[in-house]
């Protein structure tokens, strides 16, 4: 059963990359897409939180925590992701964002939260080589002009890594991951709405543009259901097992891009993908208390 859940998460979360690409090229703007994704996800999670806990009660001591995480995991990475998605293939985007564990380990070393390890350093070197293979060869990416957008998407991974470090540092008590995700989504929606309006990026998805409407609804639903399922998997099988979701998300991000968008990747892209998977394998913690 746990393996089936793991595969489901990989398939579902991997689908968000081509859906993000579809939403971006169908007329969606980065801030507008950020708002709609999070309002859909937030409302779905809020219904669950009300049913499970009777409401979303946030202690005042958590306000700063929620605000910081909103920018690290909501505003900045979403805007970057949708901006890059307009220019990059979904498969390349999924590879670029998959380096979160490597950035997390580097930041953990910088903040003194982890120790230097031989195998994990080897994983970092392999990951760095993978990125060079993705960026440097002339025929790696569909267009040479895509390279800066790959670098931009790496910033998305960096913000997610900063979020991981911040949550690990703060360790909020009596406020579970699902409620964090709900508060994050709703706060992101409230902050991104005025930003989208004042920057001229706000839009209302309609049935006249079904590609934009359905891709947005899909991303929002997957974000809510996927995160809840992931938390269940951690509790049921442990965080090390659940952490393998990242491999499948990247793989299915590439597969969905090929299936839905007819993407074709060079040998360099496939080599980069395989090396990044090896790098993540070595960088991830081998033992965790679950």
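The values are calculated or read from the model by the stated rules, or taken from the named source; none is laboratory data. Worth saying up front: this structure is predicted, and the values here are computed from it rather than measured. Don't worry about glycine lacking a Cβ; one is built from the backbone with ideal geometry, like all the others, and counts go over all protein chains shown.
Out of the residues in segment 132-144 meeting the condition of being out of contact with any helix residue (DSSP H, G or I) (no Cβ under 7 Å at 6 or more places or on another chain) and assigned to a helix (DSSP H, G or I), tell me which one is nearest to residue 94 (Cα to Cα).
Selected residue: 132.
Does residue 273 qualify as being surrounded by 17 or more Cβ atoms within 10 Å (Cβ to Cβ), closer than 30 Å to residue 167 by Cβ, modelled with pLDDT of 90 or more and within 16 Å of the chain's Cα centre (by Cα)? So that I can check it myself, show each step before the final result.
Working: surrounded by 17 or more Cβ atoms within 10 Å (Cβ to Cβ): yes; closer than 30 Å to residue 167 by Cβ: yes; modelled with pLDDT of 90 or more: yes; within 16 Å of the chain's Cα centre (by Cα): no.
Taking the combined requirement at face value, the residue does not satisfy it.
Quick check: is even one residue across segment 113-120 touching a helix residue (DSSP H, G or I) at 6+ places or on another chain (Cβ under 7 Å), touching a residue at least 24 places away in the same chain (Cβ under 8 Å), more than 19 Å from residue 14 (Cα to Cα) and part of a loop (DSSP other than H, G, I, E, B)? Full working, then the answer.
At the first step, the residues of segment 113-120 found to be touching a helix residue (DSSP H, G or I) at 6+ places or on another chain (Cβ under 7 Å) are 113-114, 116, 119-120.
Remaining after also requiring touching a residue at least 24 places away in the same chain (Cβ under 8 Å): 113, 119-120.
Restricting the remaining residues to those that are more than 19 Å from residue 14 (Cα to Cα) gives 113, 119-120.
Then drop every residue that is not part of a loop (DSSP other than H, G, I, E, B), which leaves 113.
Yes, segment 113-120 has at least one match.
Would you mind stating whether residue 62 is more than 19 Å from residue 224 (Cβ to Cβ), touching a residue at least 40 places away in the same chain (Cβ under 8 Å) and assigned to a helix (DSSP H, G or I)?
Against the criterion (more than 19 Å from residue 224 (Cβ to Cβ), touching a residue at least 40 places away in the same chain (Cβ under 8 Å) and assigned to a helix (DSSP H, G or I)), residue 62 qualifies.
From 69, 92, grab the single residue that is assigned to a helix (DSSP H, G or I), in contact with a helix residue (DSSP H, G or I) (Cβ under 9 Å, 6 or more places away or on another chain) and buried (at least 24 other Cβ atoms within 10 Å of the Cβ).
Of 69, 92, the one residue that is assigned to a helix (DSSP H, G or I), in contact with a helix residue (DSSP H, G or I) (Cβ under 9 Å, 6 or more places away or on another chain) and buried (at least 24 other Cβ atoms within 10 Å of the Cβ) is 92.
Taking segment 145-177, which residues are modelled with pLDDT under 85 and either in contact with a helix residue (DSSP H, G or I) (Cβ under 9 Å, 6 or more places away or on another chain) or more than 20 Å from residue 61 (Cβ to Cβ) (or both)?
164, 167, 168, 170, 172, 175, 176, 177
Please give the number of the condition residue 44 fails out of (1) farther than 12 Å from residue 181 by Cα; (2) in a helix (DSSP H, G or I).
Condition (1) is where residue 44 drops out.
Any residue at all in segment 123-130 that is in a loop (DSSP other than H, G, I, E, B) and buried (at least 22 other Cβ atoms within 10 Å of the Cβ)?
no
So, in segment 46-66, how many residues would count as being under 24 Å from residue 104 (Cβ atoms) and surrounded by 15 or more Cβ atoms within 10 Å (Cβ to Cβ)?
Residues meeting the conditions: 3.
For segment 129-144, which residues satisfy the criterion of being touching a residue at least 40 places away in the same chain (Cβ under 8 Å) and closer than 25 Å to residue 101 by Cβ? Don't jump to the end; show me each part of the working.
So in segment 129-144, the residues touching a residue at least 40 places away in the same chain (Cβ under 8 Å) come out as 129-131, 133-134, 137, 139-142.
Those that are touching a residue at least 40 places away in the same chain (Cβ under 8 Å) and closer than 25 Å to residue 101 by Cβ: 129, 130, 131, 133, 134, 137, 140, 141.
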